[in-house]
Amino acid sequence: MTNRQLFLNHVGQTSEAPLALEIVRAEGCKLFDIDGKEYIDLIGGISVCHVGHRHPAVIAAIKKQLDDYLHIMVYGELVQSPQVQYATLLTQHLPASLNSVFFTASGSEATEGAMKLAKRSQNRTQIISFKNSYHGSTQGALSVMGSEYWQQAFRPLLPDILQMNYNSFEDLDNITERTACVIAETIQAEAGVLVPQKGWLKALRKKCDETGTLLVLDEIQCGFGRNGTLWAFEQFEVVPDILLLGKALGGGMPLGAFVADKKIMDSFTHDPVLGHINTFGGHPVCCAAGMAACKVLLDEKLIETVKEKEELFISLLHHSKIKAVRSRGLMMAVEFEDFEMNKKVIDALLQDSGRLERPDSYVFTDWFLFAANCLRIVPPLTISEEEITEACNKIIEVMDTL
Ligand code: PMP
C-alpha cells in the first residue's frame, strides 16, 4: 500500500476530501513532494515557520539540545536551561508587566491555561470572547470560539461564556465586575484578517481596567513579526494582562505559552497547589528550537522586511475575480466571490496548467475557517521577492484559466 492509502486508512482524518499531498522535504520557503514537484509555501504550517523551513540555526540548536537531554521531568520543578533562557529572552522583548511565561505544548493549551488563570486570579466565572474568533479546538478553547457551526455538535461546553461582536464599541458595555477575562485575537485571523478599528482595543482595555477584568490577547497566529511589529498589540497602544503565544513560538516544534505578570501567574502555586500542570509544555528541544528561531527573527531584522513584502503582494494581486485583499503585514486574505471559486484556485495552484509561463511552479495555500471565500497567505517572513512574484504570477495565471 502507498503511504497515501495508509494515511487515509490509519491517520485520523479531519475532512472527507483531504489534499493528501505527500511532502518529503521542506527547505526555506519551499515544499517538495514525492513526485519531485516543488511548491512555494504560502502558509508555512499556518504561521508557524516564520524563519522558513529548517533554518540552519534552528536545526543546530535542536541538535545541540539532543546531545544534552530530551525529556527529564514534567514542567515546573527542574531548572531547565532552554526554558529559562527562552522565557528570559521573551520577557526582555515584552512590556514589563508580561514577565512570567508558562509554557504549554500547543496554542489551545495556552488558551486553556489562560482561562483558568483568569478565573483563579480574579475569583470570577464569566469569560467573554468574540464572534469569528478562534482560540483552539480543545473543549475550553472551543467554548470561546466564535462560531455556533463548530460548537453545536459538542455542547454542552463551558458555562458562563458570552460572545460579543469584534470591533463593536457598544458591546463593550457587557463587560462587568462579573467578568474574569475578555479574550480576543489582536487581529482576527480565521475571520479572514480582521483588524481592530481605530481606538477599539484601547476602549476594550479601558473597560477591562474599570471592571477589574483581565484582557487576554491571543497572538498565537499573529505574533512574532507577522503583522510588521514583533507583537501585534504594539500597533494599538495596549498591553494585555495575559498574552497567548504558539505556532511560531516553537520555530517549527510544538510549543505554546501564556505570559502574565508574576503576581497573577503565582495564583497557580496555591489553593490549589499545582493549579495548572503539564508533562510536555516547555519541552527542552522545543524551547531550544523556538529560541533559536526567535533570535534569527531579531538578528536578521526580518520584521523590517514585512511591510515591503506585503506591498509587493498587494501590487501583484490584481484580477477581476479578486474582490479584495485584506492584510496586516504578511497575514493576508485574498477574497473571492465564494468558497467554490477559492477552492478552485487553491486546487489549481497545485496542478499543471498548459498555459502557464512556468508549468513546473506550484503554490501551496489554503482558506480560513470563518472566511471560506478567502485564500490564506501567511508565508515564512523569509520569503524572497522572486518567490512572491512567482507565487502571485501563478495565482493570477490560474485565475485566467478558471
Ligand atoms: N489561537 C489562534 C489565533 C490560532 O490561530 C490557533 C491555531 N490555528 C490556536 C489558537 C490554537 O493553536 P493550536 O492549534 O496549537 O492548539
Segment 248-266, residues that are open to solvent by less than 10 Å² (accessible area, probe 1.4 Å) and more than 12 Å from the ligand (Cβ to nearest atom): V259, A260
Any hit, segment 204-219, residues being under 27 Å from F370 (Cα atoms), part of a loop (DSSP other than H, G, I, E, B) and out of contact with any Leu (no Cβ under 7 Å at 6 or more places or on another chain): no
Residue among I46, I59, I34, I23 that alone is on the phi > 0 side of the Ramachandran plot, open to solvent by 30 Å² or more (accessible area, probe 1.4 Å) and of a type in the set (V, I, T): I46
Residue match in segment 97-107 (condition: more than 22 Å from the chain's Cα centre (by Cα), free of Cβ contacts under 8 Å to residues at least 40 places away in the same chain and open to solvent by 40 Å² or more (accessible area, probe 1.4 Å)): no
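Residue by residue, here is whether (1) at pLDDT 95 or above; (2) in the same structural domain as A348 (by TED's automatic domain parsing) holds:
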| position | (1), (2) |
| --- | --- |
| H10 | yes, yes |
| A20 | no, yes |
| R25 | yes, yes |
| G28 | yes, yes |
| G36 | no, yes |
| I46 | yes, yes |
| A61 | yes, no |
| D68 | yes, no |
| V74 | no, no |
Single residue of segment 62-78 satisfying the filter (not β-branched (V, I, T) and not in a helix (DSSP H, G or I)) that is least open to solvent (accessible area, probe 1.4 Å): Y75
Criterion: more than 21 Å from T88 (Cβ to Cβ) and open to solvent by less than 10 Å² (accessible area, probe 1.4 Å) - qualifying residue of L317, L245: L317
Filtered residue count, segment 116-130, keeping only those that are open to solvent by 10 Å² or more (accessible area, probe 1.4 Å) and within 16 Å of the ligand (Cβ to nearest atom): 1
Segment 131-174, residues that are surrounded by 20 or more Cβ atoms within 10 Å (Cβ to Cβ) and in contact with an Asp or Glu (Cβ under 8 Å, 6 or more places away or on another chain): N132, S133, Y134, H135, G136, G140, A141, M164
Sole residue being closer than 30 Å to G52 by Cα, within 15 Å of the chain's Cα centre (by Cα), away from the ligand (no atom under 16 Å from the Cβ) and in contact (Cβ under 8 Å) with a residue 40 or more places away in the chain, chosen from L243, L230: L230
Test: K198 is within 16 Å of the ligand (Cβ to nearest atom), among the basic types (K, R) and either under 16 Å from the mean Cα position of the chain (by Cα) or closer than 30 Å to N373 by Cβ (or both): no
Failed item in (1) in a helix (DSSP H, G or I); (2) open to solvent by less than 20 Å² (accessible area, probe 1.4 Å), with Y39 passing the rest: (1)
Those strands (runs of 3 or more DSSP E) lying entirely in segment 97-198 with at least 3 residues in contact with a Leu (Cβ under 8 Å, 6 or more places away or on another chain) and not small (G, A, S): 100-104, 126-130, 179-185
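The values are calculated or read from the model by the stated rules, or taken from the named source; none is laboratory data. Quick caveat, the model's predicted, so the values are computed rather than measured. Because the Cβ atoms are built from the backbone with ideal geometry, glycine has one as well, and the counts that use them run over all protein chains shown. Areas reflect the complete protein model, heavy atoms only, side chains present, ligands, DNA and RNA absent. Shrake-Rupley method; radii C 1.70, N 1.55, O 1.52, S 1.80 Å.
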